[in-house]
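K.L.:
To start, I am sharing the structure in question, which I have written as structure tokens.
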């Protein structure tokens, strides 16, 4: 009996760990990123302001970095850093449907998290770094 309970518990925990943050449609046309966290990526520290900034990504390779990071994120049941999200991500598909995610990044520890439908997911370290690179590049281009 103990063996059965252990196997069921192991299956439950394994399945929960592998739950992902949803796959996104292949026909994403735009990604809008908004939030106070974008001010961190402004080049001049003296010019940083704690207000919402909006960036529109249209390049497929930039959008793919965010989409892949979300698809590879692993479910977790913990607190996310800070009080509110750093960014709100809105993926807009060509058929005008949209999906919204909330994202937190910790640039010092190279990690991050996303939330969708009340569920939280941890980004891989590699994906968190790639997301930061895309943000840095696009903030510079939009200044």
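K.L.:
Could you tell me the calculated FRET efficiency between residue 129 and residue 74, based on Cβ-Cβ distance and R0 = 22 angstrom, to the nearest 0.05?
P.N.:
It comes to 0.85.
K.L.:
Report the label-to-label distance for residue 32 and residue 94 in nanometres (one decimal), using points 7 Å from each Cα along the Cα→Cβ vector.
P.N.:
Result for the modelled spin labels: 2.1 nm.
Read the figures in this text as sums done on the coordinates, not as results from a lab. The shown structure was predicted, so the numbers you read here are calculated from the model rather than taken from an experiment. For neighbour counting, all protein chains shown are included, and Cβ atoms are generated from backbone atoms with ideal geometry for every residue, glycine included.
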